[in-house]
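The values are calculated or read from the model by the stated rules, or taken from the named source; none is laboratory data. No experiment lies behind these values; they were computed from the predicted model shown. Note: ideal-geometry Cβ built from the backbone for every residue, glycine included; neighbour counts use all protein chains shown. Side chains are part of the model used for accessible areas, which takes the heavy atoms of the whole protein and leaves out ligands, DNA and RNA. Shrake-Rupley method; radii C 1.70, N 1.55, O 1.52, S 1.80 Å.
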Amino acid sequence: MELNIYTSWFPLNIKYGLFDYEIRFVTNNKIIGTNVAGNNILKNTSKTFDIPVVVSDKISKTITENGKITLYHQSVNDTIIQNIKRKSEQYFTAYNDMFGATNADNLSITINNFNRTIVYARPQFISFSIDEKFTENNEKTLAHEI
């Protein structure tokens, strides 16, 4: 399940729509999102406009060689996962070389094949949708989101 609680019309309602949150999930499933604390709690004390989170009992985890990027996926071909793993680390390294090292400890990328074109990034979190292939267009989108 991917849940993105999103305030409509951002940034037009910036004064009205920003909020902080603390959400406790009662589940044994894996929770992936920004600001995941222990005990299945999502907590953000700074004002924001959405809450992206993925909850799954079937999700697999792949970590890049540099240990900085974790790919979370299910029902996605292993060849595609390996390509995304290689490319995401390549872009992450290139951007750190170009712009200076990030102060983030990690980056989580959820990869799904929902057959939709919605892809978005939040601090330390990317929701990445693909079809049945990892195309050149998907590669450009991944680079953009990183």
Quick one: how many residues across region 55-90 are crowded, with 17+ Cβ neighbours inside 10 Å and over 23 Å from THR135 (Cα atoms)?
-> 2
Residue that is modelled with the lowest pLDDT [pool: residues in region 24-54 that are among the polar types (S, T, N, Q), over 13 Å from the mean Cα position of the chain (by Cα) and crowded, with 16+ Cβ neighbours inside 10 Å] | THR48
Considering only region 19-76, state which residues are within 26 Å of TYR91 (Cβ to Cβ) and of a type in the set (D, E, K, R).
-> LYS30, ASP50, LYS61, GLU65, LYS68
Is it the case that region 121-128 has a residue that's closer than 16 Å to LYS61 by Cβ, surrounded by 12 or more Cβ atoms within 10 Å (Cβ to Cβ), out of contact with any Cys (no Cβ under 9 Å at 6 or more places or on another chain) and of a type in the set (Ser, Thr, Tyr)?
-> yes
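Quick grid of which residues meet (1) open to solvent by 20 Å² or more (accessible area, probe 1.4 Å); (2) of a type in the set (Phe, Trp, Tyr); (3) outside any loop (DSSP other than H, G, I, E, B):
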{"position": "MET98", "(1), (2), (3)": "yes, no, yes"}
{"position": "ASN103", "(1), (2), (3)": "yes, no, no"}
{"position": "ILE109", "(1), (2), (3)": "no, no, yes"}
{"position": "ILE118", "(1), (2), (3)": "yes, no, no"}
{"position": "PHE134", "(1), (2), (3)": "yes, yes, no"}
{"position": "GLU139", "(1), (2), (3)": "yes, no, yes"}
Please verify whether region 55-68 includes one or more residues that are charged (D, E, K, R), at pLDDT 90 or above and assigned to a strand (DSSP E or B).
-> yes
